[in-house]
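One structure below.
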Amino acid sequence: MIYVVGIGPGSKDMMTIEAIKAIENSDVIVGYKTYINLIDEFIEDKEVVSNGMRQEIDRCKKAVEIAKEGKNVAVVSSGDAGIYGMAGLILELTTKEEKEVPVKVVPGVTASIGAAAILGAPIMHDFCHISLSDLLTPWEVIEKRLKLAAEADFVVCLYNPRSKGRSEHLAKAFEIMREFKDGSIPVGIVKDVGREKEEKFICTFDTMDFERVDMTTMVVIGNKSTFIKDGKMITPRGYTV
């Protein structure tokens, strides 16, 4: 059995009971070393297979090999395993196997949900997730999605917003959306959701400080109905034209 486990943003308090049980019931834990460190207290003396970033395919192939030996394997992802996580890759690999490998996807709290709770209630109405990472998606496609989401006035949750290698992507994203997003629209920034160094900032589209943002930051851009009250970012349940 392979459990594909979403461990949440990084705090034990944000892990589901099902995720904890799946890890405890597994013989082997497979994952990116940073995520393995976040769940160290649940691993105890289990076998661990870990490596660095951008080695997801190798990790998943190893997990499948181990599961075919009859062992229970937990493949861990931060947030939810089915949102920019490992679930899709594991299922792609296992469907190609001649010998059936059972897979159970265990949901977790994704970063946008964790950040929204910290900010207040910014995703009470229709919203979308867009990753600014162009490692697997062409930038031209990302640009189109940004424009259309802004034009449709979704609340937009940006994943992978800014890194050293692509420090200008976030500023470009705001420039693309500016045609449809008023400068007074609230923007929420949450760094390290659920972790020890968690930080929250609320500003407006025009006063956005891109330098506050890195790869462990979630950026939530409101819609035309979103407002700020008592330090909380709120999107009403009903949409106002």
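The values are calculated or read from the model by the stated rules, or taken from the named source; none is laboratory data. Bear in mind that the values here come from a model prediction, so they are computed numbers and not experimental data. Here the Cβ positions follow ideal geometry from the backbone for every residue, glycine too, while neighbour counts run over all protein chains shown. Side chains included, ligands, DNA and RNA excluded: accessible areas come from the protein's heavy atoms. Shrake-Rupley method; radii C 1.70, N 1.55, O 1.52, S 1.80 Å.
General remarks:
- Packing-based order for 143-156, 64-77, using average beta carbon neighbours within 10 Å, highest first: 64-77, 143-156
- Centre-to-centre separation between the Cα atoms of the range 55-71 and those of the range 115-148: 31 Å.
- A cut-off under 11 angstrom between Cβ atoms defines the neighbours of Asp134, and their net charge, with Lys, Arg +1 and Asp, Glu -1, is 0.
- Hull volume per residue, based on the alpha-carbon atoms of the chain and their convex hull, is 130 Å³.
- Surface exposure of the chain, expressed per residue as accessible area with a 1.4 Å probe, stands at 51 Å².
- Computed over the chain with a Gaussian network model linking Cα atoms closer than 10 Å, the most mobile of Lys191, Lys181, Lys99 is Lys99.
- Heavy-atom accessible surface of the chain: percent carbon and sulfur, 1.4 Å: 49 percent
- Cα-only Debye scattering, the range 111-241: base-10 log of I(q)/I(0) at q = 0.18 Å⁻¹: -0.92
- Normalising by residue count, the range 74-133 has a Cα convex hull of 111 Å³ per residue.
- Dipole axis of the range 10-106 (+1 Lys, Arg; -1 Asp, Glu on Cβ), positive-most option in Gly88, Ile29, Asn72: Gly88
- Of the DSSP H helices in the chain, not one has a Cα length along its own long axis of 20 Å or more together with a mean Kyte-Doolittle hydropathy reaching 1.0.
- Geometric descriptor of the range 1-67, per residue, is 80 Å³ (volume of the convex hull of the Cα atoms).
- The distance between label points at Lys68 and Thr207 comes to 5.8 nm (points 7 Å beyond Cα on the Cα→Cβ vector).
- Over the range 16-139, the fraction of Cα-Cα pairs per 10 Å bin, rounded to whole percents and listed from the shortest bin up, is 11, 41, 32, 14, 2.
- Rounded to the nearest 20 debye, the dipole magnitude of the chain is 320 debye, with +1 charges on Lys and Arg beta carbons, -1 on Asp and Glu beta carbons, and the Cα centre as origin.
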